[in-house]
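In what follows, a single structure is set out as structure tokens and then discussed.
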Amino acid sequence: MLAWVYDAARACPQLSSVLIATDSEEVADLCRANNWPFQLTSPDLTSGTDRVHAVAQQIHADIYVNIQGDEPLLKPEHLTALLRPFAQPHIEVSTLKVLCTPENIANPNAVKVVTTADGRALYFSRATIPYDRDPEHNPAPQYWKHIGLYAYRKAALQRFPTLPSSTLEQTERLEQLRFLENNIDIYVEPTAFDTIGVDTEEDLHRVEALLRR
């Protein structure tokens, strides 16, 4: 699974380098065997953003991209879309959304996101948002699934671990809510390419079937 993610990231022309950050010796051994660059990070780090922050203390960049290792259906097009908002100098953090399939609307493992008209995130939730108070609406409301890839300017990334873990973050178990609760905007770029984040054994079987086609 990690090989699929790594190869897709390497295929994105906007990325100058790709490094695997892990607290697992098993993953580190896999990296050594495949000559993939890696950095061991503390097992006490609680989120992917904290892990990217740790790497940023050793490697300088203007923008850092957080690619989850459990997204084997990643495409270079995802990363191109993720980095597109940074053409605007006020953008500090970006992420992605894709139209939510009907089966995922009520699935708590498929995080939903609502945004302003210009793409600024209003909220991320495992709940079904927006809530359709009138199911007779025609057309039905549009639901967007969040894809858990992030890009950060260095200043925003440096702030993240200095902020207290927020109430919303702890309640939803969603690290990006710490940015929103501390008035750091996240801009959400749409993509046409859905992914399957591997959260369960069922997810793993679905991905394996797709990758073997």
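The values are calculated or read from the model by the stated rules, or taken from the named source; none is laboratory data. All of these numbers come straight from a predicted model, not from anything done at the bench. All Cβ positions, glycine included, derive from the backbone under ideal geometry; neighbour counts span all protein chains shown. Surface accessibility is based on the protein's heavy atoms, side chains included, excluding ligands, DNA and RNA. Shrake-Rupley method; radii C 1.70, N 1.55, O 1.52, S 1.80 Å.
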Ignoring ligands, DNA and RNA, what percent of the 1.4 Å accessible area of segment 136-193 is carbon and sulfur?
49
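Using the heavy atoms of the protein chains and a 1.4 angstrom probe, tell me the accessible area per residue for the chain in square angstrom.
On the way: 11630 Å² over 213 residues.
That works out to 55 Å² for each residue.
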Show log10 I(q)/I(0) for segment 39-127 at q = 0.24 Å⁻¹, two decimals, from a solvent-free Debye sum over equal Cα scatterers.
-1.43
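What is the percent carbon and sulfur in the accessible area of segment 25-123, measuring with a 1.4 Å probe over the protein chains and ignoring ligands? Each step should come with its number before you reach the end.
Values: 2630 of 5010 Å².
After summing per-atom areas, the C and S share lands at 52 percent.
As a check on your grasp of the helix formula, calculate [θ] at 222 nm for the chain: sum -39500 (n - 2.57) over DSSP H runs of n ≥ 4, divide by the residue count, round to the nearest 500. Don't skip to the end; give the middle numbers.
On the way: 8 runs with 64 residues, N = 213.
Computed mean residue ellipticity for the chain: -8000 deg cm²/dmol.
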Distance between Cα centroids, segment 71-127 to segment 20-66: provide it in whole Å.
23
Checking N109, N183, N138 against a Gaussian network model of the chain (alpha-carbon springs below 10 Å), the top fluctuating residue turns out to be N138
Amide H to amide H under 5 Å from V114: which residues, 5+ apart in sequence or cross-chain, H placed 1.01 Å off N in plane?
L122, Y123
If you build the convex hull over the alpha carbons only and average its shadow over all orientations, what do you get for the chain? Give it in nm² to one decimal.
13.0
Which order do peptides 67-77, 164-174, 26-36 fall in by mean Cβ count within 10 Å, highest first?
67-77, 164-174, 26-36
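Return a whole-number percent for the relative contact order of the chain, with Cα pairs under 8 Å and 6 or more residues apart as the contact set.
It comes to 24 percent, rounded to a whole number.
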According to the square roots a ≥ b ≥ c of the eigenvalues of the Cα gyration tensor, what is the shape class of segment 108-209, taking rounded for a/c under 1.5, prolate for a/b larger than b/c otherwise, and oblate for the remainder?
oblate
Quick one: the Cα spread of segment 1-68 along its three principal axes, in angstroms, biggest first?
32, 30, 18
